[in-house]
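The values are calculated or read from the model by the stated rules, or taken from the named source; none is laboratory data. These numbers were taken from a predicted model, which means no experiment stands behind them. Please note: Cβ atoms are built from the backbone with ideal geometry, for glycine as well, and neighbour counts cover all protein chains shown. For the accessible areas, the whole protein counts, side chains as well, though only heavy atoms, and no ligand, DNA or RNA atoms are used. Shrake-Rupley method; radii C 1.70, N 1.55, O 1.52, S 1.80 Å.
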Amino acid sequence: TSRQASLIKRYANEVYLTFDSDGAGIMAALRAIPMLKASGLSVKVINMKPCKDPDEFIKAMGAEEYQKRIANARNGFMFEIDSLKAEMDVNDPEQKARFYNSVAKKLLEFEDELERNVYIDAVSGEYMIAQTNIYIFALMPYVGDLHTQACIHSHIHRTDIRMYNVWLIISNNFLYFD
């Protein structure tokens with residue numbers, strides 16, 4: 001709960017989640033991450049695969065291997081993105097577009113522009129998504145209004161708007177990036 005997260009924050013700045021590796025465990029981690037982040041905690045998720053839970057993992061693989069998993073724990077935000085990708089077949093263009101859109105929406109949750117840009121770089125590099133595509137999907141809700149404004153004045157009307165570190169130029173029904 002958020003109350004428990006606040007209590008944890010009194011004693012630590014970073015939390016390592018180690019839930020069961022099944023669907024219920026993943027869902028529990030996905031519910032916990034936002035609560036912990038909202039309390040100002042840095043969140044990492046320990047990968048238990050191929051085992052079901054930490055007890056089974058340590059019995060099968062040993063404490064030393066568990067320590068390695070702790071050292072390589074996944075950042076909470078990137079774990080959320082991994083989970084989004086696991087739900088979709090990114091070889092299907094429609095689902096790939098849905099994945100890009102979901103990623104862009106998640107990135108817009110960062111209020112701090114610098115932090116958002118760091119994660120845009122991380123997501124772009126790891127998932128091979130061009131930064132331009134991330135910006136396009138993040139800005140799609142605004143394009144309709146901007147396009148309308150740009151096309152009302154003349155056939156080749158140019159509107160430059162600074163948003164999310166990218167210059168949008170809307171001209172002749174096309175979206176350009178400078």
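Of note:
- Number of positions in the stretch 24-53 that are in a helix (DSSP H, G or I) and touching a Lys or Arg at 6+ places or on another chain (Cβ under 9 Å): 2
- Flag if residue 68 is part of a helix (DSSP H, G or I), of a type outside the set (S, T, N, Q) and farther than 21 Å from residue 106 by Cβ: yes
- Annotation note: Cβ proximity below 7 Å between a residue of the stretch 3-21 that is among the polar types (S, T, N, Q) and a residue that is surrounded by fewer than 11 Cβ atoms within 10 Å (Cβ to Cβ) (sequence gap 6+ or interchain) occurs for 21/49.
- Residue that is nearest to the chain's Cα centre (by Cα) [pool: residues in the stretch 1-23 that are under 24 Å from residue 112 (Cα atoms) and in a loop (DSSP other than H, G, I, E, B)]: 13
- Of the residues making up the stretch 74-96, those that are more than 26 Å from residue 115 (Cα to Cα) and either basic (Lys, Arg) or out of contact with any helix residue (DSSP H, G or I) (no Cβ under 6 Å at 6 or more places or on another chain) (or both) are 91, 92, 93, 94, 95.
- A single member of 56, 80 is under 19 Å from residue 26 (Cα atoms) and within 14 Å of the chain's Cα centre (by Cα), and it is 80.
- Members of the stretch 34-52 found to be open to solvent by 40 Å² or more (accessible area, probe 1.4 Å) and not polar (S, T, N, Q), listed by number: 34, 35, 37, 38, 40, 44, 49, 50, 52
- Selection within the stretch 59-101 - out of contact with any Ser or Thr (no Cβ under 9 Å at 6 or more places or on another chain), surrounded by fewer than 15 Cβ atoms within 10 Å (Cβ to Cβ) and of a type in the set (A, V, I, L, M): 60, 63, 71, 86, 97
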